[in-house]
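A.B. asks: The structure follows.
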Amino acid sequence: MKIPENKLRFDLQVIAAWITPGSRVIGLGCGEGELLAYLKNHKQVRETGIELVEEKVVRCIEKGLSVIQGDINQEVHDYPAGAFDYVILSQTLQQVYDPLTLIRSMLRIGKQAIVSFPNFGHWHVRLQGLFTGHAPVTPQLPYQWYDTPNIRILSIMDFRAFAREMGFTIQKEVAINTDKQDKSGRIVTAFPNLRATYGIFLISRKKDRL
């Protein structure tokens, strides 16, 4: 897989490499629009974004992006079935109250969905809990237990099992390990659930289940 040479976070570089030029893309919880801006400028996608934080929406608009302010769990219902080629949920799944409902909505409005999340199965996370007895704090999970936005603890293996149980198809899967700033990294192929800091999945629906 060819990774774009740019200043994107490494996980976003992986996602960008999966996007077909000229496609229709919506980013859920798109932040300041770093990925959408890259895709618009380099792959000529027709971009849409939803972001809850007003200041981040302003940054997106300043970049010339079509982004609205709102709750992704509510706003996705306003789009018709098949409105997008890709629906992207980057590093947000672990903060979602009802992941299954959101993913079903993503696969309703999009032909495919891309989901990424920090891997709680990483060896560093495991060792911190084992040897310190405290909730782990890592560069990818930099919060204390009392101020973390993460309400779901999942690993790469958890998501694979979730996909099987809920009946959607994993089209592509990449596990990555990144530096402290997430700007550079590498793809992990051996023991990814133990060695990767993030999991990234391209999924689609099975018509008989979703």
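The values are calculated or read from the model by the stated rules, or taken from the named source; none is laboratory data. Model, not experiment: these values are computed from the prediction. Note that we place each Cβ from the backbone using ideal geometry, even for glycine, and neighbour counts take in every protein chain shown. Areas reflect the complete protein model, heavy atoms only, side chains present, ligands, DNA and RNA absent. Shrake-Rupley method; radii C 1.70, N 1.55, O 1.52, S 1.80 Å.
A.B. asks: Could you pull out every one of the aspartates and glutamates with an alpha carbon less than 12 Å from that of Lys183, ignoring same-chain neighbours closer than 8 positions?
C.D. replies: Within the straight-line cut-off, Lys183 pairs with Glu5, Asp11.
A.B. asks: Given the convex hull of the Cα atoms of segment 14-127, what is a quarter of its surface area in nm²?
C.D. replies: Here the figure is 7.5 nm², rounded to one decimal.
A.B. asks: Give the peptides 110-118, 93-101, 39-47 in descending order of average Cβ contacts within 10 Å, highest first.
C.D. replies: 110-118, 39-47, 93-101
A.B. asks: Quick one: how many Å² of Tyr198 are accessible to a 1.4 Å probe, rounded to 10?
C.D. replies: Its heavy atoms expose roughly 0 Å² to the probe.
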